[in-house]
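The values are calculated or read from the model by the stated rules, or taken from the named source; none is laboratory data. Here the structure is a predicted model, which means the values were calculated and not measured. In this analysis, Cβ positions are derived from the backbone assuming ideal geometry, glycine residues included, and neighbour counts consider all displayed protein chains. Accessible surface is based on the protein model in full, side chains and every heavy atom, while ligands, DNA and RNA are left aside. Shrake-Rupley method; radii C 1.70, N 1.55, O 1.52, S 1.80 Å.
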Amino acid sequence: MESIRQLYKIGNGPSSSHTMGPMKAASGFAAETSGASRYEVTLYGSLAATGRGHMTDSAILGVLEPLAPVELIWKPDEVLPFHTNGMKFKAFDANGNEIHSKTIYSIGGGDILEEGQPREPSKSIYPLSKIKDIQRWCEESGRSYWEFVDLYEDSGIWDYLAEVWSVMKDAVDRGIEAEGVLPGGLGVRRKAVSYYVHAAGYNSSLKSRGLVYAYALAVSEENAAGGRIVTAPTCGSCGIVPAVLYHLHTSKNFSEKRILRALATAGLFGNVVKHNASVSGAEVGCQGEVGVACAMAAAAASQLFGGTPAQIEYSAEMGLEHHLGLTCDPVCGLVQIPCIERNAYAAARALDANLYSAFSDGKHSVDFDRIVEVMKQTGHDLPSLYKETAKGGLAVIK
């Protein structure tokens with residue numbers, strides 16, 4: 001299992017798989033084709049079906065067009081065998097001869113794989129990749145999940161998580177001040193500022209819930225506008241973990257150090273899902289994005305409130321279990337409807353999962369790892385119409 005650095009990626013929205021991944025792929029291809037006179041890029045499957053809404057074209061053209069003319073070819077009905085987010089890059093010389101080509105897949109969370117490249121992470125740093133085994137290590141050693149992360153990551157991980165936390169806070173702060181309509185043509189107005197203002201007028205319980213909504217909306221709206229965010233575990237679900245941690249940091253006075261430790265724990269749970277299943281909406285639906293983010297935030301909250309390893313695991317399990325089967329069907333392919341509201345709702349559910357587990361001893365029937373297995377199978381069983389293809393569900397609403 002690779003470093004949690006690969007889960008928490010800092011970049012610009014609105015989509016880790018449709019924007020960050022293709023941009024990374026284009027940059028790598030450009031570096032290999034210095035002096036090319038023309039480029040041709042073919043987008044397949046989900047990348048083609050919802051790429052315009054996700055700004056995939058802008059991501060690729062922004063890298064390649066300054067170097068040479070680019071022709072984009074869209075093939076939404078053709079899905080390459082390995083993954084639905086496929087793209088083929090070709091470079092030509094001045095005489096029109098093809099000088100290089102490469103097929104690359106954007107597999108979620110900003111990660112890419114070249115055709116033929118093994119999907120197994122290139123550098124595994126963790127000896128354990130199942131939560132039940134890590135939980136046993138915690139209970140036998142008397143340590144917590146974040147200490148497991150600290151043991152196997154390099155010494156710079158805490159500086160990196162500090163940067164991640166800084167970007168998350170900045171996204172909240174920008175988002176609760178911004179107003180206006182989000183780009184994309186749906187006419188979706190930013191709501192974070194309204195929720196933030198209205199929250200002040202309620203009593204403590206409702207105010208708390210309203211602020212969590214506001215913080216999640218703030219980051220998700222920043223993402224939809226192409227702002228700088230952190231994948232947690234993806235762009236489409238980037239508002240959930242920051243909302244929960246920002247709220248607990250500001251309302252409960254949890255220290256920065258404890259917030260970073262909570263981020264480490266959240267990253268560990270997200271990493272386990274990414275390693276054993278997927279966090280790609282195009283591959284397993286929104287359960288792999290919003291569901292996993294809810295689990296991460298629930299685990300982080302449980303740790304902050306002093307949960308045992310079993311209670312933390314239970315919190316995360318509930319966060320993911322109760323999002324099983326969630327489809328990925330954004331209207332017009334934009335990360336706006338229903339994505340933004342889902343972030344706000346899932347942030348609140350993460351806090352509920354923490355509260356529910358806090359009343360228990362952490363014992364329950366179905367463990368987190370089993371839910372991950374079920375999520376993976378459910379994602380594979382979902383019809384492709386409901387996995388970021390803009391052909392089913394809410395995506396076809398006019």
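Reported count of residues in the range 243-257, each being basic (K, R) and in contact with a Leu (Cβ under 6 Å, 6 or more places away or on another chain), is 0. In the range 374-394, what residues are surrounded by 14 or more Cβ atoms within 10 Å (Cβ to Cβ) and out of contact with any helix residue (DSSP H, G or I) (no Cβ under 6 Å at 6 or more places or on another chain)? Once the filter is applied, which keeps residues that are surrounded by 14 or more Cβ atoms within 10 Å (Cβ to Cβ) and out of contact with any helix residue (DSSP H, G or I) (no Cβ under 6 Å at 6 or more places or on another chain), the range 374-394 yields V374, K376, T378, L382, S384, L385.
From the list I371, I340, I312, I397, the lone residue that is β-branched (V, I, T) and open to solvent by 30 Å² or more (accessible area, probe 1.4 Å) is I397.
Scanning the range 81-116 for residues that are modelled with pLDDT of 95 or more and either among the aromatic types (F, W, Y) or in a loop (DSSP other than H, G, I, E, B) (or both) yields F89, F92, D93, A94, N95, G96, N97, Y105.
Within the range 1-27, residues that are under 13 Å from S280 (Cβ atoms) reach partners that are open to solvent by 10 Å² or more (accessible area, probe 1.4 Å) and aliphatic (A, V, I, L, M) with beta carbons closer than 6 Å, at six or more positions or on different chains, in the pairs S15/V335; G21/I112. Filter the range 21-60 down to residues that are modelled with pLDDT under 90 and not polar (S, T, N, Q) and give me whichever is most open to solvent (accessible area, probe 1.4 Å). Here the answer is R52. The single condition from (1) open to solvent by less than 20 Å² (accessible area, probe 1.4 Å); (2) farther than 19 Å from K274 by Cα; (3) assigned to a helix (DSSP H, G or I) that G362 fails is (3). Listed here are the helices (runs of 4 or more DSSP H) enclosed by the range 222-303 that have at least 2 residues being surrounded by fewer than 24 Cβ atoms within 10 Å (Cβ to Cβ), at pLDDT 95 or above and not hydrophobic (A, V, I, L, M, F, W, C): 240-251, 256-276. Test G306 against the criterion of being open to solvent by 10 Å² or more (accessible area, probe 1.4 Å) and either modelled with pLDDT of 95 or more or not small (G, A, S) (or both), and give yes or no. Here the answer is yes, as G306 does meet what is asked. The residues on offer are D150, D77, and the sole one that is acidic (D, E), at pLDDT 90 or above and open to solvent by 80 Å² or more (accessible area, probe 1.4 Å) is D77. Only one of the numbered conditions (1) touching a residue at least 40 places away in the same chain (Cβ under 8 Å); (2) within 30 Å of V331 (Cβ to Cβ); (3) among the hydroxyl-bearing types (S, T, Y) is violated by Y105, and that is (1). Among the residues of the range 111-118, some residue qualifies, meaning at least one is surrounded by 14 or more Cβ atoms within 10 Å (Cβ to Cβ), under 17 Å from A277 (Cα atoms), within 23 Å of the chain's Cα centre (by Cα) and acidic (D, E).
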